[in-house]
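Take a look at the structure below.
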Amino acid sequence: MRKTAREALKGFCRVCPVCDGRVCAGEVPGMGGAGEGSAFGANLEALRRYRLTMRTIHGVKSADTTLSLFGRTLSMPILAAPMTGVVYNMGGKIGEAAFSEMIIAGAEAAGTLGGIGDGADPAMYEGGVAAISAHNGLGAAFIKPREQAAVVERIRLAEQAKALAVGVDVDGAGLVTMALKGQPVGPKTFAELKELIGSTSLPFIVKGIMTPDEAELAVNAGAAAIVVSNHGGRVLDHTPGAAEVLPGIAAAVRGKTAILADGGVRTGADVLKLLALGADAVLVGRPLVVGAFGGGAKGVAFLLNKMRGELVSAMLLTGTASVREVSRDIVSPRP
Ligand SMILES: Cc1cc2nc3c(=O)[nH]c(=O)nc-3n(C[C@H](O)[C@H](O)[C@H](O)COP(=O)(O)O)c2cc1C
């Protein structure tokens with residue numbers, strides 16, 4: 001699968017042994033992080049800074065990875081992250097709509113959910129929404145922080161597709177490429193965010209939260225979920241990694257909204273670390289591009305199931321019975 005993906009991705013992604021953003025630093029468009037790639041790297045470094053406490057004399061003989069999210073029972077706390085710009089970021093072998101279909105179908109086959117994103121070409125979001133619609137709404141649609149009316153228009157499309165949830169990646173606020181193509185984006189005020197959330201009965205996800213105060217603003221605006229994320233390091237270099245800021249954010253809003261987190265999640269052990277640091281579930285981005293280009297929807301499902309298997313193993317070896325109750329004590333910072 002990796003060999004097929006490497007060929008199909010035509011050098012846009014080198015399919016490295018560990019996807020850490022070193023080789024592709026600065027490749028945006030492409031698969032890298034912005035600038036020096038330091039924000040991409042920070043996601044992996046922040047996760048590496050934590051160690052797992054191994055415990056093997058206990059009665060936890062099975063690990064429950066199921067959870068309830070947006071009114072659904074999911075097989076695992078691992079979702080496929082929204083990714084667009086497939087043609088200019090991933091080399092063009094697969095089109096935007098076909099890629100979204102692979103992500104949504106692969107996530108569904110693994111018993112979980114996929115996300116679709118939005119970009120300068122309207123066909124990107126529309127292709128994603130079509131994939132969600134084709135899978136009975138099993139997906140979350142993420143809209144760029146466009147002007148209010150343009151966001152609401154796209155919320156309606158997600159509603160028509162019966163999407164499980166809708167969201168805005170507020171960290172897309174600085175994308176000049178969107179403005180150059182006549183589709184301006186920008187930061188949202190609290191009142192604007194509240195207006196968007198109030199415009200739909202779908203659960204609303206605010207993606208791109210990196211501070212406790214903004215997590216609180218999202219909660220007060222009515223967000224059903226937040227995604228603690230630096231957008232895979234693609235929007236602003238030199239930001240911290242998600243695992244670095246997650247504990248502070250969880251301390252502020254845990255129990256008031258669903259907390260999702262992403263960036264640098266590569267194994268089931270990474271998933272468990274983020275859950276211990278306060279996330280309810282995580283999103284995985286780039287590794288699933290390898291799954292899609294190497295094996296289509298089956299490749300995506302394979303990688304999600306592989307991570308779930310690793311998560312089960314890590315849970316048994318830390319005495320964690322359920323992903324819904326993960327003790328903070330199973331992680332410790334590296335000395
Ligand atoms: C090629 C590419 C395109 C992306 N497009 C979007 C998008 O349209 N909307 C969005 O919210 N996030 C987008 N993201 C960010 C991902 O949803 C996610 O936050 C990030 O990739 C997670 O980090 P990881 O790739 O290290 O797992 C994109 C990421 C990549 C790599």
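Brief remarks follow.
- Residue check, GLY167 within 11 Å of the ligand (Cβ to nearest atom), at pLDDT 95 or above, outside any strand (DSSP E or B) and surrounded by 23 or more Cβ atoms within 10 Å (Cβ to Cβ): no
- A single member of ALA123, ALA134 is surrounded by fewer than 18 Cβ atoms within 10 Å (Cβ to Cβ), within 15 Å of the ligand (Cβ to nearest atom), free of Cβ contacts under 8 Å to residues at least 40 places away in the same chain and more than 30 Å from ASP270 (Cα to Cα), and it is ALA123.
- When region 68-118 is limited to residues that are of a type in the set (Phe, Trp, Tyr) and within 11 Å of the ligand (Cβ to nearest atom), the one that is nearest to GLY299 (Cα to Cα) turns out to be PHE99.
- Where GLY294 falls short, out of the listed (1) of a type outside the set (A, V, I, L, M, F, W, C); (2) closer than 28 Å to GLU108 by Cα; (3) touching an Asp or Glu at 6+ places or on another chain (Cβ under 7 Å): (3)
- Selected residue (criterion: farthest from the ligand (Cβ to nearest atom)) from residues of region 212-238 that are closer than 14 Å to ALA279 by Cα and β-branched (Val, Ile, Thr): ILE226
- Extreme residue, nearest to the ligand (Cβ to nearest atom), among residues of region 16-26 that are surrounded by fewer than 18 Cβ atoms within 10 Å (Cβ to Cβ) and in contact (Cβ under 8 Å) with a residue 12 or more places away in the chain: VAL18
- Among the residues making up region 184-200, those that are at pLDDT 95 or above, in a loop (DSSP other than H, G, I, E, B) and either farther than 14 Å from GLY167 by Cα or among the polar types (S, T, N, Q) (or both) are GLY186, PRO187, THR189, SER199, THR200.
- Restricting region 309-332 to residues that are within 20 Å of the chain's Cα centre (by Cα) and surrounded by fewer than 22 Cβ atoms within 10 Å (Cβ to Cβ), the residue that is farthest from GLY11 (Cα to Cα): ARG324
- If you go through region 97-137 and keep only what is among the acidic types (Asp, Glu) and over 15 Å from ILE78 (Cα atoms), you end up with GLU101, ASP118, ASP121, GLU126.
- Applying a threshold of 7 Å to beta carbon distances and a minimum spacing of six or more residues, or different chains, the list of pairs starting in region 225-254 at a residue that is farther than 15 Å from GLU214 by Cα and ending at one that is within 13 Å of the ligand (Cβ to nearest atom) and among the acidic types (Asp, Glu) reads HIS231/ASP169; HIS231/ASP171; VAL235/ASP171; GLY241/GLU45.
- Region 277-290 residues that are on the phi < 0 side of the Ramachandran plot and among the charged types (D, E, K, R), paired with ones that are outside any loop (DSSP other than H, G, I, E, B) and within 7 Å of the ligand (Cβ to nearest atom) (beta carbon under 8 Å, 6 or more apart): ARG286/GLY232
- Scanning region 226-248 for residues that are more than 16 Å from the chain's Cα centre (by Cα) and under 10 Å from ASN43 (Cβ atoms) gives THR239, PRO240, GLU244.
- Only one of the numbered conditions (1) surrounded by 24 or more Cβ atoms within 10 Å (Cβ to Cβ); (2) out of contact with any helix residue (DSSP H, G or I) (no Cβ under 6 Å at 6 or more places or on another chain) is not met by GLY106, and that is (2).
The values are calculated or read from the model by the stated rules, or taken from the named source; none is laboratory data. Small disclaimer: the values here were computed from a predicted structure and weren't measured. Quick reminder, even Gly has a Cβ in these numbers, built from the backbone with ideal geometry, and neighbours come from all protein chains shown.
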